[in-house]
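So that we are looking at the same thing, I have put the structure below in structure tokens.
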């Protein structure tokens, strides 16, 4: 049998596959490099500190009390009700917990399912660059055409004129990400009003990726699509319980959309994962009743950002403090003429700190001499990393 398998596994014809142009994600590459060189990993976006003991106890409780089988396809009702209440509290919009909310296996599944729901071959999808790397593969798998729109440097602003010129009769979906990964920029109220007016009278849909909605600094405000009626009525708004509660490994996210859009979304979701981890859903439903757990995140992460930036004051890196997320761009312009992939590799292998080169977030790589660092780390890790960076 093994001989037959060997013979049959030798492919004699040329096969075409779905994603030949995409390689291993940069997050995996840089994390492996960090492990290889025992470097401090500020590349991949995950906390290195524990989540709440109370939340862990709640998951354990619901496991022990028998909530270990499939959850309902849209998600546990109690969790959807808490999400509806939170949305009303923060954004003045109360979605119907039965028809408008679906719990997903992380925001990644939410993004993939939304794109799969909306995009057909030949449809154009506008994505703002630099763009998080999960959008392009999903668009490609659906036969869609990615239309990149560059954010304006140096502060990664939304370019209204460029966006308006990018819309065509084939535009099906716009993907908006704010607070923005990787840059940390946030869209303004004026940006949202412009987008609302621009799309008025069209059938263009909006995927609003808001997974860092609770991490905004310096007194600024996150502007959600929920707050703008004409945007809300055409939007799939995606959020992440993993990002909010320091539990990225639990893969728990959710989508909010109007009833008609959500009905189509669920048709796709049910065949991708059907449902998310049941005991975690019950645990989050109870834990979310404590509003301070998410309302305090701005201050929690601003302290980490400020600690990191203060420790870098004597370094040669150029800094514009991030407005949101737990990522910080550092420019190495004037320190090296090399491209950012090579510099990030050198930084990891020689200096012991891993970061993400920003060029990988563009369809056509650009060398802006910029690296992305994650500061969702404990104080000791951030200070050690800053000390190494200041020695360069």
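Derivation of every value follows stated rules applied to the coordinates shown; laboratory data play no part. The model shown is predicted, which means the values in this text are computed figures rather than measured ones. Quick reminder, even Gly has a Cβ in these numbers, built from the backbone with ideal geometry, and neighbours come from all protein chains shown.
What is the distance, in nm, between label points placed 7 Å from the Cα along the Cα-to-Cβ direction at residue 263 and at residue 342?
5.7 nm
Rg/Rh for the range 242-392 to two decimals, with Rh computed the Kirkwood way over all alpha-carbon pairs.
1.07
Just 227, 380, 286 to compare: in a GNM of the chain, with alpha carbon springs under 10 Å, which one fluctuates most?
380
Using alpha-carbon pairs under 8 Å, 6+ residues apart, how would you state the relative contact order of the chain in percent?
Relative contact order here is 24 percent.
Report the extension gain between residue 273 and residue 200 in nm, rounded to one decimal, defined as 0.36 nm multiplied by the number of residues separating them, less their alpha carbon distance.
Going from the current span to full extension adds 22.9 nm.
If you don't mind, another one. Could you order peptides 92-98, 368-374, 319-325 by the average number of other Cβ atoms within 10 Å of their residues, highest first?
Put in order of decreasing packing, that is 368-374, 319-325, 92-98.
Continuing with the same structure: Compute the separation of the alpha-carbon centres of the range 152-186 and the range 62-128 and state it in Å as a whole number.
That distance is 24 Å.
Now a separate question. Could you calculate the contour length gain from residue 61 to residue 363, that is, 0.36 nm times the residue separation minus the distance between their Cα atoms, to one decimal place in nm?
The residue 61-residue 363 span can extend by a further 104.1 nm.
Quick one: Cα centre-to-centre distance for the range 32-46 and the range 350-392, in angstrom?
The distance from the Cα centre of the range 32-46 to that of the range 350-392 comes to 10 Å.
Between residue 293 and residue 161, how many nm apart are label points set 7 Å from Cα along the C-beta direction?
It works out to 4.8 nm between the two label points.
Hey, another quick one. With a 10 Å radius around each residue's Cβ, average the other Cβ atoms per peptide and rank 215-223, 154-162, 254-262, highest first.
In decreasing order of mean packing, 215-223, 154-162, 254-262 become 254-262, 215-223, 154-162.
Taking 0.36 nm per residue of separation and subtracting the Cα-Cα distance, what length does fully extending residue 220 through residue 168 add?
15.4 nm
At 7 Å along the Cα-to-beta-carbon direction for both residue 35 and residue 391, put a label point, then send me their distance in nm to one decimal.
If labels sit at residue 35 and residue 391, their model points lie 2.5 nm apart.
Find the all-direction average of the projected area of the Cα convex hull for the range 127-184, expressing the result in square nanometres with one decimal place.
For the range 127-184, the mean projected area of the Cα convex hull comes to 4.0 nm².
Given springs between every Cα pair under 10 Å in a Gaussian network model of the chain, which of 264, 210, 124 has the largest fluctuation?
Residue with maximal mean-square fluctuation among 264, 210, 124: 264.
Then there's this: Using the Kirkwood formula over every pair of different C-alpha atoms, what hydrodynamic radius in Å results for the chain?
About 22.1 Å, per the Kirkwood formula over Cα pairs.
Using packing as a proxy for protection, rank 229-239, 195-205, 101-111 so that the peptide with the highest average count of other Cβ atoms within 10 Å comes first.
Order by mean packing, descending: 101-111, 229-239, 195-205.
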